[in-house]
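Right, one structure below, let's go through it.
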Number of protein chains: 2
Amino acid sequence: MTKGRPRKFDKEEALETAMKLFWQHGYEGVSIAKLAEAMGINVPSLYSAFGNKEKLFMAAFDKYSLLGGHIYIDSLKQKTAREVAYSILKGEVELVTNPEHPDGCMVILGALVTSSDSEHIKKRMDEMRQTPPKWMAERFAQAIKEGDLSPEVDPKSLACYIMTLNSGLAVQAKSGVGKKELMKVVDIAMKNWPFVD
Amino acid sequence: MTKGRPRKFDKEEALETAMKLFWQHGYEGVSIAKLAEAMGINVPSLYSAFGNKEKLFMAAFDKYSLLGGHIYIDSLKQKTAREVAYSILKGEVELVTNPEHPDGCMVILGALVTSSDSEHIKKRMDEMRQTPPKWMAERFAQAIKEGDLSPEVDPKSLACYIMTLNSGLAVQAKSGVGKKELMKVVDIAMKNWPFVD
DNA sequence: GTATTTATTTAGCGATCACTATATAAATAC
DNA sequence: GTATTTATATAGTGATCGCTAAATAAATAC
């Protein structure tokens, strides 16, 4: 064991709790006091382990992004653009309606609307949201080369379209719309996937 | 003039200011002090004119819903389901990227993610968001009767799909995506509108 | 054993939260 | 004029915000 008094609590477990609270209430919607209580520790222990509220949020977000990122990493391996899109949308529905987590999506809802004090965090999240569309645009460009996507399609716009649907699915789930209905939405979106020449 | 000292400020003008602040920062993201300062009045005047923060928010929301509601009222008059959908999506893009207002959509972003203290407001907004899909579902059912929409389509699901796109467009605009890109998203969504028999 | 290091606890910092008590100012009613 | 009514301005309520100083507890190093 390392020098000094050992930590009483499991840091990853505590971080998981913080992640879920930020996921549900957003960065500004949960206080340090509430976080510490839910994590089963007192406030100074929270600060000594995680620095401050912003760093705790970012650490929780890193944990979240392992979940959220897998949707894209797995889906982009699909053989055709159509299968990629369907896999992403289906994965998003499963994520945003999974009863083991809060409804919605942390990267979309965690700091979308904030007070002036937290615009810094909002901008960080805005930037994070730009990565998946970039990945998708690259994948769709490849699909055009491989012939399973019409060359008339702009890969960037198609990626933005999928991201728009994903964002909408997160909002709908947060509003209380269930998995069944959202899967029907995905079915409609995929009906006559119109981009194969 | 009525009895008593007359109000120094224009109530509708002050409400317009409050609406924009709530629109940009959400219910919990702006304080009474900030609101009063921006409205050019002091705090007790705000309370005597509007009651409390929740009532002020709801009054601001009523003002907003005149803007947001017109999109649907106007669009539902279009002749075919396809034109209705296009008009709604185009109207949403214009609303959420209008430089005269904050980015995004107040009914979607105003209280989507809140602390436990404001779950009451969140639920009220969740309910408000259910009205447009109901209108759309009725209109799409009518379109099926009139023959410009396939009878295989579930009007409710199609309405939920359009609402999902609308929500996504609001999130994208709030994230900094511009009008041009969002109009391309709408174009993709409308490409080969797949629901005419 | 003592010294050092780190985590915990209690208690409290100044700032801001939504909201209001009190006094004063400005209008009408008579 | 006086009485009444309503809006204003000043100041301040208790509660909570993010965060921390100080003391104590529990481990290792030697």
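When the residues of region A:145-159 are filtered to those that are under 21 Å from B:Ser175 (Cβ atoms) and either open to solvent by 10 Å² or more (accessible area, probe 1.4 Å) or among the charged types (D, E, K, R) (or both), the one that is farthest from the other protein chains (Cβ to nearest Cβ) is A:Pro155. Filtering region B:1-41 to residues that are near DNA strand C (Cβ under 9 Å from one of its atoms), in contact with a helix residue (DSSP H, G or I) (Cβ under 6 Å, 6 or more places away or on another chain) and away from chain A (no Cβ under 14 Å) leaves only B:Ala36. Just to be sure before I move on: is A:Lys53 near DNA strand D (Cβ under 7 Å from one of its atoms) and within 13 Å of another protein chain (Cβ to nearest Cβ) in the structure I sent? Spelling it out, it is not the case that A:Lys53 is near DNA strand D (Cβ under 7 Å from one of its atoms) and within 13 Å of another protein chain (Cβ to nearest Cβ).
Scanning region A:87-100 turns up at least one residue that is touching a His at 6+ places or on another chain (Cβ under 9 Å) and not hydrophobic (A, V, I, L, M, F, W, C). Within region B:95-114, the set of residues being assigned to a helix (DSSP H, G or I) and either over 12 Å from the mean Cα position of the chain (by Cα) or without any contact (Cβ under 8 Å) to a residue 40 or more places away in the chain (or both) comprises just one member, B:Leu95. The condition of being of a type outside the set (D, E, K, R), away from every other protein chain (no Cβ under 13 Å) and either away from DNA strand D (no atom under 16 Å from the Cβ) or within 25 Å of A:Leu165 (Cβ to Cβ) (or both) holds for only one of A:Leu89, A:Leu66, that being A:Leu66.
Entry remark, region B:10-60: residues being over 19 Å from B:Gly104 (Cβ atoms) and in contact with a Ser or Thr (Cβ under 7 Å, 6 or more places away or on another chain) number 1 in total.
The residues of region A:169-197 that are more than 15 Å from A:Leu95 (Cα to Cα), assigned to a helix (DSSP H, G or I) and open to solvent by 40 Å² or more (accessible area, probe 1.4 Å), listed by number, are A:Lys184, A:Asp187.
Please go through region B:153-168 and pick out each residue that is in contact (Cβ under 8 Å) with a residue 24 or more places away in the chain and not in a helix (DSSP H, G or I). Show your work before the answer.
From region B:153-168, those in contact (Cβ under 8 Å) with a residue 24 or more places away in the chain are B:153, B:158-160, B:162-163, B:165-167; that's our starting set.
B:Val153 - this is the single residue of region B:153-168 that is in contact (Cβ under 8 Å) with a residue 24 or more places away in the chain and not in a helix (DSSP H, G or I).
Taking region A:126-138 as the range and being in contact with a helix residue (DSSP H, G or I) (Cβ under 6 Å, 6 or more places away or on another chain) and touching a residue at least 24 places away in the same chain (Cβ under 8 Å) as the test, the residues that pass are A:Met128, A:Arg129, A:Pro132, A:Pro133, A:Trp135, A:Met136. Would you confirm whether any residue within region B:125-138 is crowded, with 18+ Cβ neighbours inside 10 Å, of a type in the set (A, V, I, L, M), within 9 Å of chain A (Cβ to nearest Cβ) and part of a loop (DSSP other than H, G, I, E, B)? Among the residues of region B:125-138, not one is crowded, with 18+ Cβ neighbours inside 10 Å, of a type in the set (A, V, I, L, M), within 9 Å of chain A (Cβ to nearest Cβ) and part of a loop (DSSP other than H, G, I, E, B), which makes the answer no.
In region A:1-78, counting only helices (runs of 4 or more DSSP H) that sit wholly within it, the ones holding 3 or more residues that are surrounded by 14 or more Cβ atoms within 10 Å (Cβ to Cβ) and hydroxyl-bearing (Ser, Thr, Tyr) span A:53-75.
Applying the set (1) within 11 Å of DNA strand C (Cβ to nearest atom); (2) closer than 30 Å to A:Pro155 by Cα to A:Leu109 leaves exactly one unmet item: (1).
Is it fair to say B:Asp117 is open to solvent by 20 Å² or more (accessible area, probe 1.4 Å), within 11 Å of another protein chain (Cβ to nearest Cβ), part of a helix (DSSP H, G or I) and at pLDDT 95 or above?
yes
Here B:Ala141 fulfils each of the conditions (1) under 25 Å from A:Met163 (Cβ atoms); (2) assigned to a helix (DSSP H, G or I); (3) not aromatic (Phe, Trp, Tyr) apart from (1). For region A:24-46, the tally of residues that are in contact (Cβ under 8 Å) with a residue 12 or more places away in the chain and either among the hydrophobic types (A, V, I, L, M, F, W, C) or within 8 Å of DNA strand D (Cβ to nearest atom) (or both) stands at 8. For B:Ile88, the test of being of a type in the set (A, V, I, L, M, F, W, C) and open to solvent by 70 Å² or more (accessible area, probe 1.4 Å) is failed.
The values are calculated or read from the model by the stated rules, or taken from the named source; none is laboratory data. As the structure is a computational prediction, the values presented were derived from the model and not from experiment. Quick reminder, even Gly has a Cβ in these numbers, built from the backbone with ideal geometry, and neighbours come from all protein chains shown. SASA here: full protein model, heavy atoms, side chains in, ligands and nucleic acids out. Shrake-Rupley method; radii C 1.70, N 1.55, O 1.52, S 1.80 Å.
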